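J.: Pasting a structure below so you can have a look.
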Amino acid sequence: MSALLEVRDLQVHFPIGARLLRPPAGVVRAVDGVSLSIAEGEVLAVVGESGCGKTTLARAVLGLTKPTGGVIRFRGGDVALQSTAERNAYYRQVQMVFQDPFDSLNPRKTVLQTLAQPLRIHSIVPAGEFRAEATRLLELVGLSPAALYLDRYPHQFSGGQRQRICIARALAVRPSLIVADEPVSALDISIRAQILTLLRRLQQELGLSYLFITHDLGVVRSLCDRVVVMYLGRVVEEGRTEDIFAGPRHPYTNALLAACPLPDPVRARARKRATLTGDVPSPVNPPSGCRFHPRCPVAREICGRDEPAAREFGPGHRSACHFAAEADTWERPAWQLAVTAE
Ligand SMILES: Nc1ncnc2c1ncn2[C@@H]1O[C@H](COP(=O)(O)OP(=O)(O)OP(=O)(O)O)[C@@H](O)[C@H]1O
Ligand SMILES: [Mg+2]
């Protein structure tokens, strides 16, 4: 698999407290040196607590926020150096699905008008074929028969149906990469599984790649090929989903897995409770050394002093922890051992 998207040392910093003639009082290091890549047809999860920079990363990839530094390459081409025509082609190839499907649909436009807009802007099909193409798209996302839905407005749909419309709109321009930022977390629990099944089916049928942002590790396990774990603007661990779940090499990933709700109540009662304590420090003044050290159960003196470099512990499995080699001795949540044995 070749790299479809490659992000190298991406930084997105936001100056805060700047006024006319007064310099900024500080800088929010929302994304602070993130590297990752997504292969053709691959589903990459980005996980991490609230505020670690996931949405900022997604916005930078989509061209909605200008990076402070670093490089974004799409099929090998540096997006920042592209001509306007090339960049427009990139924006067509990379589409988004957001958390709140109501917010992201124009309430005054019918479904047909919503779907016709990208078809027109990117000249996907001639105007005479908009209705037929919109019908095909709605049926692709499971809104069938499409004739029932085409002339309705967003408020006439349920949350799950609205998210299907958002997915259809993203697919209208025939993208290769979908950036999905918490696409099911605003939906009713009963609807989530349906939308996830749809996303998985579309990914397989159309050979799509996903950059999939989520809090839900259950979703990661069922949908994603690889995982990138972020903490305070940095990547602390990455690897294939099965490797991350069977043997995390960063204490932060270990703690996230321990905090993950379990589908099985017997195992949920049996396991040890989460080890993540304390608040996430501010990205304005990140801790010295390893950013996780003030909350880390295995931190020692070096952790507050030296920033750990990422090291490899298996094919594509990297961890930025001084003590990653000792991961086998860490306390594992009981259920995780069960996962390993499955
Ligand atoms: N435009 C902005 N100006 C200043 N700070 C910002 C801006 N956008 C984001 N931030 C800050 O950057 C950090 C990362 O925010 P971001 O929204 O990327 O986090 P997130 O991982 O998506 O969180 P969540 O899981 O809650 O969605 C936060 O501290 C946030 O307050
Ligand atoms: Mg977010």
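J.: Amide H of V235: which non-local residues (sequence gap of 5 or more, or other chain) have their own amide H closer than 5 Å, using H built in the peptide plane?
T.: Those qualifying (amide H under 5 Å, at least 5 residues apart or on another chain) are S35.
J.: Of V235, Q203, P107, which is farthest towards the positive pole of the chain's charge dipole, taken about the Cα centre with +1 and -1 on the beta-carbons of Lys, Arg and Asp, Glu respectively?
T.: With unit charges placed on the Cβ atoms, the residue in question is P107.
J.: Is region 26-88 best put as rounded, prolate or oblate by its Cα gyration tensor, with a ≥ b ≥ c the root eigenvalues, rounded for a/c under 1.5, and otherwise prolate when a/b is larger than b/c, oblate when not?
T.: oblate
J.: In percent, what relative contact order does region 5-125 have, based on Cα pairs under 8 Å that are 6 or more apart in sequence?
T.: Result for region 5-125 is 24 percent.
J.: With unit charges on the beta carbon (Lys/Arg positive, Asp/Glu negative), name the residue among G218, G142, V46 whose Cα is farthest towards the positive pole of the charge dipole of the chain.
T.: It is G142.
J.: Tell me the mean residue ellipticity at 222 nm calculated for the chain from its helices only (DSSP H runs of n ≥ 4, each -39500 (n - 2.57), averaged over every residue, nearest 500).
T.: -9500 deg cm²/dmol
J.: Turning to a different aspect of this structure: Given charges of +1 on the Cβ of Lys and Arg and -1 on the Cβ of Asp and Glu, with all other atoms neutral, how large is the dipole of region 46-175 about its Cα centre, in debye to the nearest 20?
T.: About 140 debye.
J.: With a 10 Å Cβ neighbour count serving as the proxy for reagent exposure, in which order, fewest first, do C303, C260 appear?
T.: Fewest to most other Cβ atoms nearby, the residues stand as C260, C303.
J.: Per 10 Å bin from zero, what fraction in whole % of the C-alpha pairs of the chain is there, up to the bin with the longest pair?
T.: Going out from 0 Å in 10 Å bins, the chain shows 5, 23, 31, 24, 13, 4, 0 percent.
J.: Then there is this: May I ask you to compute the full-extension gain from L21 to I124, defined as 0.36 nm times their residue separation minus their alpha-carbon distance, rounded to one decimal in nm?
T.: Result for the pair: 32.3 nm of gain on full extension.
J.: What is the spin-label model distance, in nm, from S144 to N106 if the labels are put 7 Å beyond Cα along the C-beta direction?
T.: The answer from the label model is 2.9 nm.
J.: Relative contact order, percent, of the chain when contacts are C-alpha pairs under 8 Å separated by at least 6 residues?
T.: It comes to 18 percent, rounded to a whole number.
Only the coordinates and a few stated rules stand behind these numbers; no lab work does. Not measured: the values here are computed from a predicted model. Cβ coordinates were reconstructed from backbone atoms using ideal geometry, including for glycine residues, and neighbour counts include every protein chain displayed.
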